[in-house]
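Each remark here refers to the structure printed beneath this line.
The values are calculated or read from the model by the stated rules, or taken from the named source; none is laboratory data. Not measured: the values here are computed from a predicted model. Every residue, glycine among them, receives a Cβ derived from its backbone with ideal geometry; neighbour counts consider all protein chains shown. Note: accessible area is taken over every heavy atom of the protein model, side chains too, but ligands, DNA and RNA are not part of it. Shrake-Rupley method; radii C 1.70, N 1.55, O 1.52, S 1.80 Å.
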Amino acid sequence: MAADTPPIPAHEATYEVLRHGKKVGELSVSLEQLDNGVWHYRSDTRATAWWVRALNMSAEEAAHFVWRGDRIVMLTYHHAQHAPANNRYFQHRTDWEAGTTRVRTEEGSQTIELVDNMVDPLSLRLQLAANLADETRRRDTHDFTLLDRNEVKHKQYTFDGEETLDLPAGCFETVRLRRIEDPGSDKNNLSWHAEDFSWMPVRILRQEDGKDKLDIRLLSTDLPLNGC
């Protein structure tokens, strides 16, 4: 099932996390292929602002998957969020032969039916980058069936322009995508993707009521960057 040449190479990267324009933490990601051919993608967020550290807030995600051509086949996913009086987790393990996945949360467990090309929150990020690697698809609308906690949701990302960005990690020529929200929503989710970073996001911006709420920007990576 695994692709000989994966659409996205193994790498490590660090992002800075800004809330309302002020840095509150850093997000570290790593993508590696294990000895059995399965890929492991991990994301850890740690606080840097003293008041966030004092609240002992953190989050971690991890996913196992395999590539089938340029498509991800998800295997497991784990998400844990730690905050005072609000510890939440979500994990699943797929059984593609049975066509189901067993989902566990802090509220209990249930079985959910799998559908072709279903993704979890981490594998969605990778699959979107793999889609953008195909030049003919960069101006398309990208549709996903997302397993989010114990719900199946449908998400769409659409082309929103091209932009040159100066970030802490360097200068990038990017494609900007916008997540399509429900009618009347006051939320706006944008992401900037660069070929220099294998079409992974170099910036993610979440807005509410027209104001920046969360801004995630690439600080560094072990992949070679060419710049603008």
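One line per residue, one yes/no per condition, for (1) among the basic types (Lys, Arg); (2) surrounded by fewer than 16 Cβ atoms within 10 Å (Cβ to Cβ):
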| residue | (1), (2) |
| --- | --- |
| THR5 | no, yes |
| GLU12 | no, yes |
| LEU18 | no, no |
| VAL24 | no, no |
| GLU32 | no, yes |
| ARG42 | yes, no |
| ALA47 | no, no |
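Looking at (1) open to solvent by less than 30 Å² (accessible area, probe 1.4 Å); (2) out of contact with any Pro (no Cβ under 8 Å at 6 or more places or on another chain), which is the only condition TRP192 fails?
(2)
Name the pairs whose Cβ atoms lie under 7 Å apart, with the first residue in the range 58-83 and more than 17 Å from TRP96 (Cα to Cα), the second open to solvent by 10 Å² or more (accessible area, probe 1.4 Å) and β-branched (Val, Ile, Thr), and 6 or more positions between them or separate chains?
SER58/THR45; ALA59/THR45
Can you name every residue in the range 123-140 that is open to solvent by 40 Å² or more (accessible area, probe 1.4 Å), touching a strand residue (DSSP E or B) at 6+ places or on another chain (Cβ under 6 Å) and under 21 Å from GLY69 (Cβ atoms)?
Residue satisfying the conditions is ARG138 alone.
Of all residues in the range 74-90, how many are surrounded by fewer than 18 Cβ atoms within 10 Å (Cβ to Cβ) and not in a loop (DSSP other than H, G, I, E, B)?
Total meeting the criteria: 6.
Step by step: first the residues of the range 96-114, then only those that are open to solvent by less than 70 Å² (accessible area, probe 1.4 Å) and outside any loop (DSSP other than H, G, I, E, B), then the one that is farthest from GLN81 (Cα to Cα). Which residue is that?
Among those that are open to solvent by less than 70 Å² (accessible area, probe 1.4 Å) and outside any loop (DSSP other than H, G, I, E, B), it is THR100.
Please work out if ASN188 is in a strand (DSSP E or B) and either of a type outside the set (Gly, Ala, Ser) or within 22 Å of HIS11 (Cβ to Cβ) (or both). Show your work before the answer.
Values: in a strand (DSSP E or B): yes; either of a type outside the set (Gly, Ala, Ser) or within 22 Å of HIS11 (Cβ to Cβ) (or both): yes.
The answer is yes for ASN188.
Pull up the range 123-157, narrow it to residues that are of a type in the set (D, E, K, R) and over 29 Å from ASP196 (Cβ atoms), then point me to the one that is farthest from the chain's Cα centre (by Cα).
Step one: of the range 123-157, the residues of a type in the set (D, E, K, R) are 125, 134-135, 137-140, 143, 148-149, 151, 153, 155.
Restricting the remaining residues to those that are over 29 Å from ASP196 (Cβ atoms) gives 148-149, 151, 153.
Numbers: ASP148: 12, ARG149: 15, GLU151: 17, LYS153: 15 Å.
The qualifying residue farthest from the chain's Cα centre (by Cα) is GLU151.
For LEU214, indicate whether it is on the phi < 0 side of the Ramachandran plot, part of a strand (DSSP E or B) and touching a helix residue (DSSP H, G or I) at 6+ places or on another chain (Cβ under 9 Å).
So LEU214 does not fit the description; no.
Among PHE172, PHE197, which is the only one that is open to solvent by less than 20 Å² (accessible area, probe 1.4 Å), in contact with a strand residue (DSSP E or B) (Cβ under 6 Å, 6 or more places away or on another chain) and among the aromatic types (Phe, Trp, Tyr)?
PHE172
When the range 28-43 is examined, which residues are found to be assigned to a strand (DSSP E or B) and farther than 12 Å from LEU122 by Cβ?
Residues of the range 28-43 assigned to a strand (DSSP E or B): 28-33, 39-43.
Residues satisfying the conditions are SER28, GLU32, GLN33.
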